[in-house]
Amino acid sequence: MERSTIDGKEISFLPNEGYDIYIPQSVSLFRRLSCKQLIPSSPGAHRLVVFKSTSGVLHLRKHFVQTEKNDVLLLAPDAQASIQFVDPHEETLGASSSATQLNTAAAIVIVFSVYRLGESKPANELLSMIPYETRMNITDESRLLDLAGTLDLSLKRPTPVPEESRLKQQIALQELLLFLMENIRRNTEISDNIQAVKHTVTYIESHYQQNITARQLYSIAGVAKWQYSTLFKSITGKKPLDYVLDIRMKHAKRLLLQTEDTIAQIAQAVGFKDESYFARKFRQTEGITPRQYEEAASVSSSPVLMPEVPYKRIVAVGYSLGDLLSLGITPIGADVEIIGKRGLYWDSINGIEDIGLLGEPGKIRKLLPDLIIHSGFRQDWIEELASIAPTVLIDRYEHVYSRIMQTAELMNRQKLAQQWIYRHRAASKQMWIGLAKHMDVKQTAAVFSIVEGNLYIMSMKGFAVTVYHPDGMQPPPKVKELIRAGIPFQLTRPEHACSYEADTHFILMDNDPRTIRLYRRLMQLPYWNSKSIDRIILTENKYNFDDPLTMDRLLLELPQMILKKSH
């Protein structure tokens, strides 16, 4: 506090650094997607992230924050962050009014800068009681949306007088920040019971495979039984054990479509000890049996009506090219030279601009994309890509069934992806049943890939995804170790190849001179000299992808490779 004298009277006032000017920059809307959507940052800008959907996750540099509906988080300048949602369903932003769009968005991101009086550069800290990276749950949803909508409109519809526009924008932002501060102060004065009950909701979602009782839940919360049930229903809309059942059924439906597990295995995996009880509960909640649910996704069902793709100019970074093509989507840019021409879909890449293996920002910027799908093995330029267009991350190491569903969700092609998953599962099983009539398919197999003179052992990636099957070939012990460790493939040396002893050895190659030399060196080693010719199957590296197009083709080619012994 400083003091001064005016007209003989002593006046107290605050120094200039105690005052901030808040300048809003933008309001962005995010769809409800299960893949990661990057939140772009500009130098010195703060971001308020408002979650409008349940089961959200905010991924930060070294940790993540699980969020709920109407949670708000403040991000510091330059903080790397991305948004992800669990168990997504398609939501559209087709309404015309800004308020309605905000209401139907899965998340809202408000970007603004803070300036200290007398400073020309934005401040890196917000001098208020709003904490960084901390969940603030808002109870007055309508007021929150109203304030966000007012700010959005003030940015989109400036008045004829620039000074008035700037003042309206600043006032709208200040009202929103004040609302958040008042909400924080009010929440600190109420009981912790609601948060305790919410903690048990999270507990259910992460422990649904275990035996869960009502007594256990209200004991964890530390809340009286009558009060716990009331609070739980106000939060979830369901009674505690009904909510447990819903969570288990949600995961059961996912496993029915995306795994080869039996009904008994799925029942146990989602928390049911008895298969018949699981089947009875499934029929009560879904109206059909688990097997009927699985068959409902069959390709024999009615043809899929293709809804409009929400993006027109898509760039595929890394290995999402094949996934997009399998859904009938041709991106405007992709890695044409490496991934496109080495894959089986080389004849489908005409007209696609090459963006390089890692997705070079300079090349991508020229294409003016409205969506970037990043499924590469390095993330050198992710932050820069997010400043060009909305950018989502899809892990290339996820199983193809999970990966294709995430891509389909972006493109409004979920039904098509579900039908492919069901069809591929059935065709894969049938292929191994057919092969079993001619040979012992339950043997071990090691899959090697030689790329530009480097030798790799594959675990659950590429060609090996088709080879390793419950009804087919099995990985040898050393490969099982890689699978358990989550390592999709590993660089190895020719003299170490004997560590992966198996009944059959697949060797996939490109036509690089270095690859030919390494292959000849490999075959001269005593281990390989001791192998009979029918235990080594040689084929092309173009099959070492696990997108739907390649995997469908491989179901036709693999029996020929095995039976004809393509050495």
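The table below gives the values:
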quantity: Flag for Ala446 being under 20 Å from Leu538 (Cα atoms), of a type in the set (A, V, I, L, M, F, W, C) and more than 29 Å from the chain's Cα centre (by Cα); calculated: yes
quantity: Sole residue being surrounded by fewer than 18 Cβ atoms within 10 Å (Cβ to Cβ) and at pLDDT 90 or above, chosen from Gln37, Gln25; calculated: Gln25
quantity: Only one of Leu256, Leu231 that is touching a residue at least 12 places away in the same chain (Cβ under 8 Å) and within 23 Å of Phe278 (Cα to Cα); calculated: Leu256
quantity: Meets criteria (within 30 Å of Ser41 (Cα to Cα), part of a helix (DSSP H, G or I) and out of contact with any strand residue (DSSP E or B) (no Cβ under 7 Å at 6 or more places or on another chain)) for Ser402; calculated: yes
quantity: Spans of helices (runs of 4 or more DSSP H) in the stretch 185-292 with at least 3 residues over 22 Å from Ser55 (Cβ atoms) and either at pLDDT 90 or above or more than 23 Å from the chain's Cα centre (by Cα) (or both); calculated: 214-221, 225-236, 263-269, 275-286
quantity: Residue check for Asp274: among the acidic types (Asp, Glu) and either surrounded by 16 or more Cβ atoms within 10 Å (Cβ to Cβ) or under 15 Å from Arg425 (Cα atoms) (or both); calculated: no
quantity: Residues satisfying the stated conditions in the stretch 75-94, i.e. modelled with pLDDT of 80 or more and either farther than 22 Å from Ile382 by Cβ or acidic (Asp, Glu) (or both); calculated: Asp78
quantity: Yes/no for Val451 being closer than 26 Å to Leu549 by Cα and over 34 Å from the mean Cα position of the chain (by Cα); calculated: no
quantity: Qualifying residue in the stretch 132-143 (condition: without any contact (Cβ under 8 Å) to a residue 40 or more places away in the chain and either assigned by TED's automatic domain parsing to the domain that holds Gly56 or under 16 Å from Tyr22 (Cα atoms) (or both)); calculated: yes
quantity: When residues of the stretch 305-334 are limited to those that are assigned to a loop (DSSP other than H, G, I, E, B) and modelled with pLDDT under 90, the one surrounded by the most Cβ atoms within 10 Å (Cβ to Cβ); calculated: Tyr319
quantity: Residue within the stretch 203-215 that is assigned by TED's automatic domain parsing to the domain that holds Ala267, among the polar types (S, T, N, Q) and surrounded by 15 or more Cβ atoms within 10 Å (Cβ to Cβ) present; calculated: no
quantity: Residue satisfying all of: in the stretch 358-379; modelled with pLDDT of 80 or more and assigned to a loop (DSSP other than H, G, I, E, B); surrounded by the most Cβ atoms within 10 Å (Cβ to Cβ) among these; calculated: Gly359
quantity: Flag if Leu151 is among the hydrophobic types (A, V, I, L, M, F, W, C), closer than 28 Å to Ala386 by Cα and in contact (Cβ under 8 Å) with a residue 60 or more places away in the chain; calculated: yes
quantity: Verdict on Phe448 being crowded, with 22+ Cβ neighbours inside 10 Å and not β-branched (Val, Ile, Thr); calculated: yes
quantity: Selection count where residues are in a loop (DSSP other than H, G, I, E, B), at pLDDT 85 or above and touching a Lys or Arg at 6+ places or on another chain (Cβ under 8 Å), scope the stretch 345-357; calculated: 2
quantity: Pick from the stretch 454-481, criterion part of a helix (DSSP H, G or I) and without any contact (Cβ under 8 Å) to a residue 60 or more places away in the chain, ranking: nearest to Tyr543 (Cα to Cα); calculated: Ala464
quantity: Residue in the stretch 131-139 that is farther than 24 Å from Asp78 by Cβ and either at pLDDT below 85 or not β-branched (Val, Ile, Thr) (or both) present; calculated: yes
quantity: Residues that are surrounded by 17 or more Cβ atoms within 10 Å (Cβ to Cβ) and farther than 30 Å from Glu398 by Cβ, drawn from the stretch 529-552; calculated: Ile536
quantity: Matching residues, the stretch 48-72, being surrounded by 20 or more Cβ atoms within 10 Å (Cβ to Cβ) and assigned to a strand (DSSP E or B); calculated: Leu48, Val49, Val50, Phe51, Gly56, Leu58, Thr67, Asp71, Val72
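Okay, residues lined up against (1) of a type in the set (Lys, Arg); (2) in a strand (DSSP E or B); (3) over 19 Å from Gln169 (Cβ atoms):
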residue: Tyr22; (1), (2), (3): no, yes, no
residue: Val27; (1), (2), (3): no, yes, no
residue: Leu33; (1), (2), (3): no, no, yes
residue: Gln37; (1), (2), (3): no, yes, yes
residue: Pro40; (1), (2), (3): no, no, yes
residue: His46; (1), (2), (3): no, yes, no
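The values are calculated or read from the model by the stated rules, or taken from the named source; none is laboratory data. Not measured: the values here are computed from a predicted model. Quick reminder, even Gly has a Cβ in these numbers, built from the backbone with ideal geometry, and neighbours come from all protein chains shown.
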